[in-house]
Amino acid sequence: MTTERIIVVGNGMVGHKFIDTVINSDNPENYEIVTFSEEPRLAYDRVKLSSYFSGSSVDDLMLTSEEHYQSSGVVYTLNDKVLEIDGDAKTVTTASGKVEGYDKLVLATGSFPFVPPIPGKDQPHCLVYRTIEDLEDITASAQESKVGVVVGGGLLGLEAANALKNLGLETHVVEFAPRLMAVQLDEGGGNLLRRKVESLDVNVHTEKNTKNIGAGKKRRYVMEFTDGSELETDMIVFSAGIRPQDELARNNGIDIGERGGIVVDNYCRTSVEDIYAIGECALWDGKIFGLVAPGYQMAKVAYAHINGDSDQFTGADMSTKLKLLGVDVASIGDAHARTPGAQTYTYEDGVNEVYKRIIVSEDGKKLLGAVLVGDAESYGTLQQMCVNDMALPESPEQLILPASDGSAGASMGVDALPDAAQLCSCLDVTKGDIVDAVQSGCCSMGDIKDKTGASTGCGGCAALVKSVMDKELENLGVEVNNHICEHFEYSRAELADIVRVKKIESFDALLDSHGKGLGCDICKPAVGSILASFWNDYVLEDKHIGLQDTNDIYLGNMQKDGTYSIVPRVAGGEITPDKLIVLGQVAKEFNLYTKVTGGQRIDLFGAQLHELPLIWKQLVDAGFETGHAYGKSLRTVKSCVGSTWCRYGVQDSVGMAIALENRYKGVRSPHKIKFGVSGCTRECAEAQSKDFGVIATENGWNLYVCGNGGMRPRHADLFATDLDDETLVKYIDRAMMFYIRTADRLQRTSVWLENLEGGLDYLRDVVINDKLNIAQELEDDMTSNIGKYQCEWKTTIENPEKLKRFRHFVNSEEQDTNLAYVVERDQRRPATEAERENHIPAVEVTA
Amino acid sequence: MTTNSASVSEASQWVEVCRLTDLTPDTGVCALIENKQIALFYSGKLNELFAIDNFDPIGKANVLSRGIIGSQGDRICVASPLYKQHFDLKTGECLEEPEHSVAAYAVKVEDEWVSIAIN
Ligand SMILES: Cc1cc2nc3c(=O)[nH]c(=O)nc-3n(C[C@H](O)[C@H](O)[C@H](O)COP(=O)(O)OP(=O)(O)OC[C@H]3O[C@@H](n4cnc5c(N)ncnc54)[C@H](O)[C@@H]3O)c2cc1C
C-alpha cells in the first residue's frame, strides 16, 4: 500500500489532536504527515494559557515536543504561514516560499481575537489574549502600567481580568451587554457573578460602548464611551470574542459561511475535494464551536473519514464549567430558556452567594439547561441529565435545593446513565470506559486517572467519575472499605480524628476504646505516627516503643543483613568542612560504607546495633542531630546555592531551606515528606518533584505542592505565587497538617491530592481561603508539634535504660556472627548469597 | 504470668536468659543459647512470653526479635522487620509461606528470671 500524504495547516490544539490520532492509530505507517505552524512552537495547551501568569512555563504548557514529532515521522515547519492552496494541483504554498503536495489537506487554523473597530485600537499597549507571545506582551506592558482595562466581559475577558489583577494592576472590565458572560448566563446568574467579581476588586462597567481611545490626562489613554462617560487607563486587553481564521480558505475558493467560518459537513469535509476543516475555524450547521472538546471530536471524525471509516460529527454540547476569579460558574444547554414552552426553577441564596436555575421542558419531563454560580457541584449530574435526555425526578427543584441535612442536593443515580455517556469531554472518556477500568482492577481515583485519563483535563467531571467508580465497585461486590486493618474499623484519617479530638495518648488506650485484638504491623506504626504527629512524645518511650516500625525502633535504617545505616541531618545540604571531617573520621573508625544521598546528605552503612550509640555519641558531641532518615517524617529540604553565591539567584534559597528544614524536622506524617527550595526559576533544586517545592521569584516565593519522584513521578502543582516568608510558612503549616489529618496510611502527598475530592482548588480553599474554618487550628497543631521537637538520638544516648536495647543479645556481649562482607571499590558491602556459599572471605574484589 | 508451653519434653533443658525487668512490654530481644539465636517476645497486653528462632529464613538475617508483635485473627505473631511476613509466636509457622516456618520454644518465668527450653 502506498502512503497518503496529509498536510495539516495550523499546529494548534486541534491540529495536534488530529496528528496525535494518526500517530496512535493502528496504521500510522499508511500516512505521511506534514504540518505548518504560524506560531514559533508546536502545539500548546491554550485552555490552560492563563496558568502562564501563575508560574507555568512554556514547557509545562506544551502538548508535544519536537523530539516526539521527529521520532513519529511527522515533518513540521514552525514560523511559516500557509498562504495559498491549489485544489487542482493539490499543493500548498507557504510564506517562506515552500511548495508541498498533498493527498489530503486538513485546515486547523483556529480563530483570532476580534478587536472592535474603535479608532485608536492599534496603539502600543492595546493587546489581545490568545497566544504565549500575547501573554509576554501583556506582562511587559503591565510593568509600565498601573491601570488595565479588559474589553469584553465573557469567559476569556474574565480570565484576562484575573491575569491583570495578578499582575498588580487596578483592573476594569468593560462590557457592551448589560451583564457579564451574557452568552452563558441569565440575568440572575450574571448579576451574582458581577457582585462576586466586584468584591474581588475588579471594577465592572456594563452597557458601555467604546467610541474612541485617545490620549489620557492622568493615565496613558482615555476610553470614551458613547454614553459620554470616560475611563482612563494605561493598557487595554481586547477580549471581545473570536472570529474563525478562514482567510486562507476564503482566498482559495473554499466555501465560507455568511458570517465567517469554513463550511463543513458531518465528515468535516469542506466544499473542495480532499480538503477538511476542523476546530475553531470550521462552521458546522451554521455554528462555530469555541471550545476544545468539539474540536477534538472533529479531529477524530476527519481522521476516520480519511481512513475509510464513517464516524460523523453531529454537533456538540457547549456546556461549560469554570472557575473565574475564584468563582464557580457553570452553564448547561439552553441556559436562556429559549426553547418554546420552557419552564424554570430558580434558587438564590443571598447569604452564601449561590445562584442556581434549571430550565425544564414544557411537560416537565426533561432538563433543557441550567445556570450555576457560586456552587457548581451539581454540574456533572445536570449536564449528564441534559445531554442524555434522562427523565427528571418527580420534583425537579430537588436538583438545586440544598438537602435538609446540609449536604448537597439530590444527585442522580449514576446507574441511570447509559454506558455511552461521555463523562469527561476533555479526554473523551465514557461511563463505559470507567466501568471497564474498574472491572480491570482500578479502585481509586488515582488508578482511574492513570488508566483512562478521565478528569486530568479541566477536572470538572471528577465528582461524577468518582460516583461511577464507587457504584461499579459496589456492583462488583468490592466492599469499599477503608478500614486500616482487622483491628480497627476506621480509616487512618478517622483514627487521626479520634486521636486528636478525644486526646488519646497511647495505642493501648485507642485499642481499648475503638479496636480489637492486639494490633499488628499495619495499625501499630500508623497509630504510632498519628500519636507522634499530634502529641510528639519521644518515640522510644515505653508506651510507644512497640509501635515503631523496623527503622524507627532503633532510630536507623535497617539494611538487608540486619545492620543499620546512619544519616545525620545536614539541613539544606549546607555543611562545614569540620563537620565533614567528623563524618569521615566516624566512618573510618567504624568502617562504614559511605555514600552521598539524593537528599544532599551522607549515609553511613553497616553499623551493628551495639555500635549505634557509640557512633551517635560522637556525632551528637560534634553538633549533629538525627536526620530522621528512618522516619515517616520530613526527610530533607534540598536546595541550590541561591543568591548568596549564584549569579542568577534572586533569593537566599539555602537560608530558606535551612529555616524550613529546622522548622519541620521530626514532624511525623503519613509518609515521608521531601522539600526543595530553588533560588530562581532555573530550578536547580528540582523543587517541583517534591511534596513541597519552593521557587524564588523577584517578589518572593512560589509554592508548589504534592510533587513526587520515585515510582510514580508527578510534577508538583503551583499552589500560590509571590509569597513573603511568613505567608509561605503559614501555607505550608496548614497544608502539611491538613495532609497529616486526612491522608491514608503510607499515602504520599501526590496520591493524596489526586484522591482529594475537589483536588487542588479544594486544597487552596482550605489552606488559603480557610473554607473549613480550621486554618488557625492547623497552625496551632503544627506550632505545638514543633515546640516539642527533640533530637531522638540525643535523648537516647543520655538514657542508660534505653541504651540497654542497643545490643544484639540480651544475655551476652557477643556479636551477630552471620555478617559477612566483601570489599568493592575500596569499601565493604554485604556478601551475596553466592559469595557466602562459596565461603569467599572478606577480600578485595577490586584493586 | 502465663508462659508458652511449646515443645517441652523430657529432654528439654531450661536455660535462664534474663530478668523479666530486662524486657520492655510489646517488644522482643534476642538471646544466645548454645550458639543459637532465639527471639524472645513479651506481650504486655496478654502478659505472656514467647520464643522462636531469631533467624528470618526469608530475609536470611538474624532479625526477628526486632519485629512488631500483634495478632492476625486468633494467632499471636511477629512481623519480620525485613519483608513483613508473619510468624506465629506459639508454633513458629510462617503465615504467608509455611515452608519457611521456624522453631518455637517454651518459656517460663521463675523468681522474675526468664528461661527458655531447648532440646
Ligand atoms: C485564554 C483562553 C482560555 C480558553 N479556555 C478554554 C476552556 O476553558 N475550555 C475550552 O474548551 N476552550 C477554551 N479555550 C478555547 C480553546 O483554546 C480553543 O477552542 C482551541 O485552542 C481551538 O483549537 P484550534 O486548533 O482550532 O485553534 P488554535 O489552538 O488557535 O490553533 C490554530 C493554529 O493555527 C495557526 N494558523 C492559523 N492559520 C495558519 C496558516 N495559514 N498557516 C499556518 N498556521 C496557521 C495559528 O497560528 C494557531 O497556532 C480557551 C482559549 C483561550 C485563548
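Laboratory data are not the source of any read-out in this text; all were calculated from the coordinates shown. What you see is a predicted model, and the numbers here were worked out from it, not measured in a lab. Here Cβ is always computed from backbone atoms with ideal geometry, including for glycine, and neighbour counts include all displayed protein chains.
Ignoring aspartates and glutamates fewer than eight residues from A:Lys217 along the same chain, the ones with Cα atoms less than 15 angstrom from its Cα are A:Glu230, A:Glu232, A:Asp234.
FRET efficiency for the B:Glu112 to A:Leu760 pair, using the beta carbon distance and R₀ = 51 Å, is estimated at 0.30. Among the listed pairs A:Lys524/B:Lys84; A:Lys196/A:Lys471; A:Lys524/A:Lys672, give every one whose C-alpha distance is greater than 25 Å. From the list (A:Lys524/B:Lys84; A:Lys196/A:Lys471; A:Lys524/A:Lys672), the Cα-Cα distance tops 25 Å for A:Lys196/A:Lys471.
In a fully extended conformation the segment linking A:Ala834 and A:Thr344 would gain 168.5 nm over its present Cα-Cα distance, using 0.36 nm per residue. Scanning residues 5 or more positions from B:Leu89 or on other chains, those with amide H under 5 Å from its amide H are B:Ile76, B:Cys77, B:Val78, with H placed 1.01 Å from N in the peptide plane.
Computed over the alpha-carbon pairs of the range A:126-240, the distance histogram in 10 Å steps reads 15, 48, 32, 4 percent, short to long.
Calculation over all alpha carbon pairs of the range A:492-548 in 5 angstrom steps from 0 returns a P(r) of 4, 21, 37, 26, 11, 0 percent.
Our note on the geometry: Cα centres of the range A:221-279 and the range A:751-787, 44 Å apart. Sorted largest first, the principal axis extents computed over the alpha-carbon atoms of chain A equal 97, 67, 64 Å. Here the Karplus curve 6.51 cos²θ - 1.76 cosθ + 1.60, taken at θ = phi - 60°, turns the phi angles of the range A:363-368 into couplings of 7, x, 9, 10, 8, 9 Hz, with x standing for Gly and Pro. When the trypsin sites (Lys or Arg not before Pro) in the range A:268-340 are filtered for DSSP coil states and for at most 14 other beta-carbon atoms within 10 Å of their beta-carbon, the remaining sites are A:Arg338. Here the label points at A:Ser65 and A:Glu230, each 7 Å from Cα along the C-beta direction, are separated by 5.4 nm in the simple model. For the segment A:514-524, counting C-beta atoms of other chains within 10 Å of every residue's C-beta and taking the mean gives 5.
Near the amide H of A:Glu4, within less than 5 Å, lie the amide hydrogens of A:Tyr31, A:Glu32, all on another chain or at least 5 residues away, with H placed in the peptide plane. Karplus-derived 3J(HN,Hα) values for the range A:742-753, using 6.51 cos²θ - 1.76 cosθ + 1.60 with θ = phi - 60°, are 10, 6, 7, 4, 6, 9, 5, 4, 4, 6, 4, 5 Hz; glycine and proline are entered as x. Using the structure shown, select from A:Lys17/A:Lys632; A:Lys165/A:Lys730; A:Lys617/A:Lys674 the pairs with a Cα to Cα distance greater than 32 angstrom. Violating the 32 Å Cα-Cα cut-off are A:Lys17/A:Lys632. Calculated mean residue ellipticity, 222 nm, the protein assembly as shown: -7500 deg cm²/dmol, from DSSP H runs (n ≥ 4) at -39500 (n - 2.57) each, averaged per residue and rounded to 500. The simple Förster model, with R0 at 56 Å and r as the Cβ-Cβ distance, assigns A:His483 and A:Ala89 a FRET efficiency of 0.20. Within the same chain, aspartates and glutamates fewer than 8 places from A:Lys804 are excluded, and of the rest, those with a Cα less than 17 Å from its Cα are A:Glu541, A:Asp542, A:Asp552, A:Glu611, A:Glu792, A:Glu813, A:Glu814, A:Asp816, B:Asp22, B:Asp26. Cα convex hull, the range A:57-133: 159 Å³ per residue, rounded to a whole number. By DSSP, the beta bridges lying fully in the range A:632-787 are antiparallel in about 60 percent of cases. The chymotrypsin sites (Phe, Trp or Tyr not before Pro) of the range A:27-75 include none that meets both conditions, a loop assignment by DSSP and at most 14 other Cβ atoms within 10 Å of the site Cβ. Pairs of C-alpha atoms in the range B:74-117 farther apart than 13 Å represent 59 percent of all such pairs. Between A:Glu29 and A:Asp265, the FRET efficiency estimated from the beta carbon spacing at R0 = 45 angstrom works out to 0.95. Show which lysines lie in cross-link reach of B:Lys108 when reach means a straight Cα distance below 20 angstrom and same-chain residues fewer than eight apart are skipped. Those lysines meeting the cut-off are B:Lys36, B:Lys45, B:Lys90. Counting Lys and Arg as +1 and Asp and Glu as -1 over every other residue whose Cβ lies under 15 Å from the Cβ of A:Gly214, the net charge comes to +1.
Across chain A, the relative contact order, built from alpha-carbon pairs under 8 Å that are at least six residues apart, equals 7 percent.
Remark on A:Gly606: its backbone amide H falls under 5 Å from those of A:Tyr564, A:Ser565, a criterion applied only to residues 5 or more positions apart or on other chains, H modelled at 1.01 Å from N. Applying both filters, DSSP loop and at most 16 other Cβ atoms within 10 Å, to the chymotrypsin sites (Phe, Trp or Tyr not before Pro) of the range A:94-175 gives A:Phe114.
The Rg/Rh ratio for the range B:2-118, using Cα coordinates for both the radius of gyration and the Kirkwood hydrodynamic radius, is 0.93. Under 14 Å from a point placed 7 Å out from the Cα of A:Ser72 along the Cα-to-Cβ direction: which residues of the range A:301-318 have their backbone N that close? Answer for the range A:301-318: A:303. Within 10 Å of the Cβ of each residue in A:801-813, the mean number of Cβ atoms contributed by other protein chains is 5. The magnitude of the dipole of the range A:632-787, with charges of +1 and -1 set on the Cβ of Lys/Arg and Asp/Glu and taken from the Cα centre, is near 860 debye. Rounded to whole numbers, the Karplus 3J(HN,Hα) couplings from phi for the range A:204-212 are 10, 10, 9, 6, 10, 10, 7, 10, 7 Hz, using 6.51 cos²θ - 1.76 cosθ + 1.60 with θ = phi - 60°, and x at Gly and Pro.
Shape summary: the range A:415-480 maps onto an equivalent ellipsoid whose semi-axes, from the alpha-carbon gyration tensor, are 17, 13, 10 Å in decreasing order.
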